[in-house]
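As structure tokens, the structure follows; a few thoughts come after it.
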Amino acid sequence: MASSTSTALQNGSPPQSAPDSLSQRIQIIDDTKTFTNDLNAQIERWGLRDAGFSYNVVAVFGSQSTGKSTLLNGLFGTTFDVMDESKRQQTTKGIWMCRGTGMNVMVMDVEGTDGRERGEDQDFERKSALFSLASSEVLIVNLWEHQVGLYQGANMGLLKTVFEVNLGLFGKKGPDGTNSRTLLLFVIRDHIGTTPLANLEATLTQDVMRIWDSLAKPTELKDSQLSDYFDLAFTALPHKYLVPEKFQEALAALRNRFVSKDDPNFVFKPAYHKRIPADGVAFYMEGIWEQVQTNKDLDLPTQQELLAQFRCDEISGVALSEFNEQTKSQKRPIESGRVVEDLGKMMKSWRTEALARYDRDASRYHQGVYKRKRADLLAALDSTLSPLFLGQLKNLHKSCLVTFKKDMLQGMTGEGYNFADVVEQAREKCEGDFAAGAMEAVVEEDSDSWGWEEELELLKEEMRSVANQCRKDETKKMVNLIEKTFKKQISEPVELHLNKPAPNMWDNILKVFKDTLEKAEKQYLAKAKSFDCTEEENDVALADIRQRAWVALRQKVDEQTTDAVILSKLRAHFEERFRYDEHGVPRVWKPEDDIDSVFKKAKDQTLEIVPLYSKISPADSANSWTLPPSASSLNSSEDDFDFEASLVIFTETKVIDLTNKFRRDADAYYVEAKRSTVSSIAQ
Ligand code: GDP
Ligand code: MG
């Protein structure tokens with residue numbers, strides 16, 4: 001912070017010479033929009049710290065180079081930088097403050113470049129103007145006479161913005177129900193005099209009223225009037241260089257209004273005072289600046305940003321349309337279910353190209369806008385790529401599953417394969433293929449939007465169900481095979497035993513049955529081990545095997561006990577006893593032979609075996625067999641299988657019927673035997 005007493009002396013001599021510390025100035029807000037830490041100390045150095053309410057604050061508003069600093073220095077004996085015509089030097093941007101010489105007045109001057117030409121400075125211009133308005137009792141609105149009535153030229157647009165935000169931020173009534181009022185003192189510079197001040201005054205008043213009416217006011221303040229917040233005052237100064245004496249005269253008169261309480265137009269009315277003790281001013285002002293800084297209403301996009309938005313949109317649009325053209329080529333194949341080779345590589349290159357195109361042209365524009373629009377573009381690119389990616393995963397899933405099924409079937413051909421191994425191999429290959437394909441299609445790693453684990457889980461699930469189905473089919477086939485083998489194995493021995501109607505006939509048959517069944521069960525379990533069958537599945541299959549084995553035995557028995565077969569068995573049994581003697585020699589009946597008793601014995605012995613055949617019932621109960629009860633409960637489709645009933649081969653009526661039929665046959669043998677004795681007598 002350089003103090004510059006030389007400029008002050010050069011431009012409007014100070015009314016009183018002041019000690020250095022009193023004429024020191026301070027930059028309260030610098031070009032990075034930071035509020036100084038030093039204001040409190042400076043107020044103390046100015047000797048104002050203990051002034052209580054006995055001080056005033058004045059600020060200035062107006063376009064660049066309208067002689068504002070000159071005016072302030074002239075009025076208050078301050079030391080603000082004045083533009084040197086010969087050098088046209090740039091002054092440091094910011095808000096400056098000086099103590100008025102010989103008076104308890106804090107004077108603020110705003111330095112800045114002209115905001116309308118350089119977009120980014122509009123922000124500073126607005127904020128500094130709002131700060132000046134909100135923190136001072138009197139705001140000097142400085143303008144050339146020829147600017148009167150010109151909306152743009154006189155910064156009226158800026159005034160509108162500032163009014164609007166000021167009302168929103170600081171417009172509420174104070175705790176005592178009154179608004180804090182501010183005097184807007186219009187100082188018309190280079191007043192020639194042809195247009196009377198009154199006319200200029202009217203024009204300006206009208207302009208300000210119009211601005212006020214056009215404000216977007218907060219709803220609770222929509223009926224507020226300009227006069228609720230502001231007083232307007234007007235004055236004119238002649239040309240400083242053309243009529244210097246008159247200028248100085250007018251300046252002195254104006255100065256009097258700031259100094260002399262006796263002046264009827266004294267500007268610092270108590271109503272304008274913010275009622276902040278002098279030692280609290282620094283803190284108070286810093287608070288206002290913070291509110292101004294954080295206010296979003298002031299953050300209008302700068303020209304640069306507006307331009308950047310427009311251009312970045314355009315550039316992004318071009319990049320996107322070229323990109324869309326490229327992606328279109330693979331949309332169809334994906335939708336038709338194909339796995340597109342190198343899709344990931346293509347997608348990555350389209351995406352990179354599109355971003356590169358955008359970056360090349362857009363990165364030169366406002367960085368904030370460029371980055372924001374880049375993120376938008378990226379989101380748009382990814383939202384196009386994402387369905388391709390997901391489609392690819394779906395197709396990959398389908399094709400991998402087809403291969404899995406094929407591999408399973410192939411692995412299960414021939415004898416001696418291990419089912420579990422076949423499944424494991426096919427599964428490993430399928431998962432590997434899927435993962436490889438999926439990873440290829442990923443556009444951006446470590447990003448949630450390109451995940452494929454979920455699809456893999458679905459695939460695993462389906463593989464499990466395919467493998468399960470295969471296993472069930474295989475088990476069924478195996479059980480069928482076991483059944484077939486079983487039938488073959490019991491056929492002959494059972495037939496043999498049935499032809500030997502002895503009391504232990506069923507014992508023998510059941511022994512064969514049980515031995516063969518045991519072998520069948522072992523055969524099943526050996527194979528099932530490789531199938532990864534569950535305990536329950538094994539139980540069901542074994543129950544099935546047992547039941548089928550039993551049914552097979554019954555079928556064999558049925559086949560051997562049809563009417564014709566059983567009758568021939570009975571006949572054979574009878575013949576053996578009737579037509580052959582105990583040595584197996586055929587009998588030749590002689591008239592003295594006791595045919596009747598031989599006949600009766602043979603018949604009775606034969607009739608005895610009919611009940612033997614009628615029920616599966618071993619002589620020794622240790623040899624009996626029953627279908628385990630679990631079978632019917634587990635094997636729901638065969639629920640109604642009645643094992644007890646299946647033990648019965650012939651019903652009571654059937655026994656009677658067979659007995660009758662056999663009797664007739666036996667009678668025929670008897671008659672034949674009798675006849676043969678008659679014929680031997682006849683010889
Ligand atoms: P600021 O940018 O508004 O603070 O203006 P300055 O006070 O720095 O003055 C800008 C230029 O206008 C300087 O060259 C001054 O000499 C000149 N100037 C100051 N006051 C007057 C005035 O009343 N009339 C004219 N025509 N020029 C002035
Ligand atoms: Mg200036």
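For His573, the conditions (1) assigned to a helix (DSSP H, G or I); (2) crowded, with 18+ Cβ neighbours inside 10 Å; (3) in contact with a Leu (Cβ under 9 Å, 6 or more places away or on another chain) are fulfilled apart from (3).
Residues checked against (1) within 16 Å of ligand 1 (Cβ to nearest atom); (2) at pLDDT 85 or above; (3) surrounded by 16 or more Cβ atoms within 10 Å (Cβ to Cβ):
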| residue | (1), (2), (3) |
| --- | --- |
| Asp213 | no, yes, no |
| Tyr229 | no, yes, yes |
| Val243 | yes, yes, yes |
| Lys246 | yes, yes, no |
| Lys296 | no, no, no |
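Restricted to the range 622-637, and to residues there that are surrounded by 15 or more Cβ atoms within 10 Å (Cβ to Cβ) and modelled with pLDDT under 80, the residue that is nearest to Asp507 (Cα to Cα) is Ala631. The residue of the range 55-67 that is modelled with the highest pLDDT, among those that are closer than 25 Å to Ala271 by Cα and within 11 Å of ligand 2 (Cβ to nearest atom), is Val60.
When you scan the range 436-489, how many residues do you find that are assigned to a helix (DSSP H, G or I) and either touching a strand residue (DSSP E or B) at 6+ places or on another chain (Cβ under 6 Å) or of a type in the set (Val, Ile, Thr) (or both)? Selection size over the range 436-489: 5. Scanning the range 80-97 for residues that are away from ligand 2 (no atom under 12 Å from the Cβ), more than 57 Å from the chain's Cα centre (by Cα) and at pLDDT 90 or above gives no hits. Contact map, the range 134-149: first residue within 12 Å of ligand 1 (Cβ to nearest atom), second residue hydroxyl-bearing (Ser, Thr, Tyr), Cβ cut-off under 7 Å, separation 6 or more or different chains; pairs are Asn142/Thr66; Leu143/Thr66; Trp144/Thr66. Within the range 517-532, residues that are among the charged types (D, E, K, R) sit with their Cβ atoms under 9 Å from residues that are not in a helix (DSSP H, G or I), at 6+ positions apart or across chains, in these pairs: Lys529/Asn418. Just wondering, is there one or more residues in the range 20-27 that are at positive phi, more than 12 Å from ligand 2 (Cβ to nearest atom) and at pLDDT 85 or above? No - not one qualifying residue is present in the range 20-27.
Set side by side, the residues Lys240, Lys246 differ, and just one is within 16 Å of ligand 2 (Cβ to nearest atom) and not aliphatic (A, V, I, L, M), which is Lys240. Screening Asp114 on (1) buried (at least 18 other Cβ atoms within 10 Å of the Cβ); (2) at pLDDT below 75 shows it passes everything except condition (1). Considering only residues that are of a type in the set (A, V, I, L, M, F, W, C) and either free of Cβ contacts under 8 Å to residues at least 24 places away in the same chain or touching a Leu at 6+ places or on another chain (Cβ under 7 Å) (or both), which ones fall in the range 150-166? Within the range 150-166, Leu150, Ala154, Val162, Phe163, Val165 meet the criteria.
In this structure, Gly52 qualifies as farther than 27 Å from Lys240 by Cα, surrounded by fewer than 22 Cβ atoms within 10 Å (Cβ to Cβ), at pLDDT below 90 and more than 16 Å from ligand 1 (Cβ to nearest atom). For Leu251, which of the numbered conditions (1) touching a strand residue (DSSP E or B) at 6+ places or on another chain (Cβ under 6 Å); (2) farther than 14 Å from Glu145 by Cβ; (3) within 13 Å of ligand 1 (Cβ to nearest atom) fails to hold? It is condition (1) that Leu251 fails.
The values are calculated or read from the model by the stated rules, or taken from the named source; none is laboratory data. Model, not experiment: these values are computed from the prediction. With ideal geometry, Cβ positions are generated from the backbone for all residues, glycine too; neighbour counts draw on all protein chains shown.
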